[in-house]
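Undergrad: Next up is a structure, given as structure tokens.
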Amino acid sequence: MQAQEFPEAPSDLPHLVGADLFIDLAQYVDKQVVITDAEVYGAGNHGALLDAGRVTFKITTEGIDRETFRYFLKNCDGTGEKCKVRLLVTPTGKVTMHWPELVGVKIVK
């Protein structure tokens, strides 16, 4: 993976592991949160998948940060290790194939 500079995560937003976001998903719909244990893989023109602990989310391309998407496409396509990152996301409340959808995704430190 390439070393790249990404912005700091906003400290005033909830910082959650995937299990906590999944269990309390309804309270975070349409609100930004930071996922601290994200591992991204399977990136393509459709978005990507995100494992966070034992939970999987669907990253959509809606509102995705351009540099984040570029990073996913170059480094997290599934041919190597999953990309371990911290992500700023907004859950939609929608589900695709049992995976809660995330929009407005951006890598943060």
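The values are calculated or read from the model by the stated rules, or taken from the named source; none is laboratory data. Only a predicted model underlies this, so the values are computations on that prediction, with no experimental measurement involved. Methodologically, a virtual Cβ is constructed for each residue, glycine included, from the backbone with ideal geometry; neighbour enumeration extends over all protein chains shown.
Undergrad: Considering only segment 88-109, state which residues are touching a helix residue (DSSP H, G or I) at 6+ places or on another chain (Cβ under 8 Å), under 17 Å from Asp37 (Cβ atoms) and either free of Cβ contacts under 8 Å to residues at least 24 places away in the same chain or of a type outside the set (D, E, K, R) (or both). It would help to see each step written out before you state the result.
TA: Here is the first cut: in segment 88-109, the residues touching a helix residue (DSSP H, G or I) at 6+ places or on another chain (Cβ under 8 Å) are 91, 93, 100, 105-107.
Add one more test, that the residue is under 17 Å from Asp37 (Cβ atoms), and what stays is 91, 100, 105-107.
Hits for segment 88-109 are Pro91, Pro100, Val105, Ile107.
Undergrad: Does any residue of segment 11-32 turn out to be of a type in the set (Asp, Glu), at pLDDT below 95 and surrounded by fewer than 13 Cβ atoms within 10 Å (Cβ to Cβ)?
TA: Checking segment 11-32: at least one residue is of a type in the set (Asp, Glu), at pLDDT below 95 and surrounded by fewer than 13 Cβ atoms within 10 Å (Cβ to Cβ).
Undergrad: Just checking, does segment 78-87 include any residue being surrounded by fewer than 13 Cβ atoms within 10 Å (Cβ to Cβ) and among the hydroxyl-bearing types (Ser, Thr, Tyr)?
TA: First pass over segment 78-87, keeping only residues surrounded by fewer than 13 Cβ atoms within 10 Å (Cβ to Cβ): 79-81, 84.
The next check asks that each one be among the hydroxyl-bearing types (Ser, Thr, Tyr); those that pass are 79.
So far as segment 78-87 goes, yes, one or more of its residues are surrounded by fewer than 13 Cβ atoms within 10 Å (Cβ to Cβ) and among the hydroxyl-bearing types (Ser, Thr, Tyr).
Undergrad: Of everything in segment 20-58, what is in a loop (DSSP other than H, G, I, E, B) and closer than 17 Å to Asp77 by Cβ? Give them in sequence order. Explain how you work it out, then say what you get.
TA: So in segment 20-58, the residues in a loop (DSSP other than H, G, I, E, B) come out as 24, 29-32, 45-46, 53-54.
Passing the criteria: Asn45, His46.
Undergrad: Another question, then. Could you run through segment 59-79 and say how many residues are more than 23 Å from His98 (Cα to Cα), in contact (Cβ under 8 Å) with a residue 12 or more places away in the chain and part of a loop (DSSP other than H, G, I, E, B)?
TA: Counting residues in segment 59-79 that are more than 23 Å from His98 (Cα to Cα), in contact (Cβ under 8 Å) with a residue 12 or more places away in the chain and part of a loop (DSSP other than H, G, I, E, B) gives 1.
Undergrad: Out of the residues in segment 33-57 that are within 14 Å of Gly104 (Cα to Cα) and in contact with a His (Cβ under 9 Å, 6 or more places away or on another chain), which is surrounded by the fewest Cβ atoms within 10 Å (Cβ to Cβ)?
TA: Only one residue tops the list, namely Val34.
Undergrad: If Gly93 satisfies all but one of (1) part of a strand (DSSP E or B); (2) more than 9 Å from the chain's Cα centre (by Cα); (3) surrounded by 14 or more Cβ atoms within 10 Å (Cβ to Cβ); (4) not aromatic (Phe, Trp, Tyr), what's the number of the condition it fails?
TA: Every condition holds for Gly93 apart from (3).
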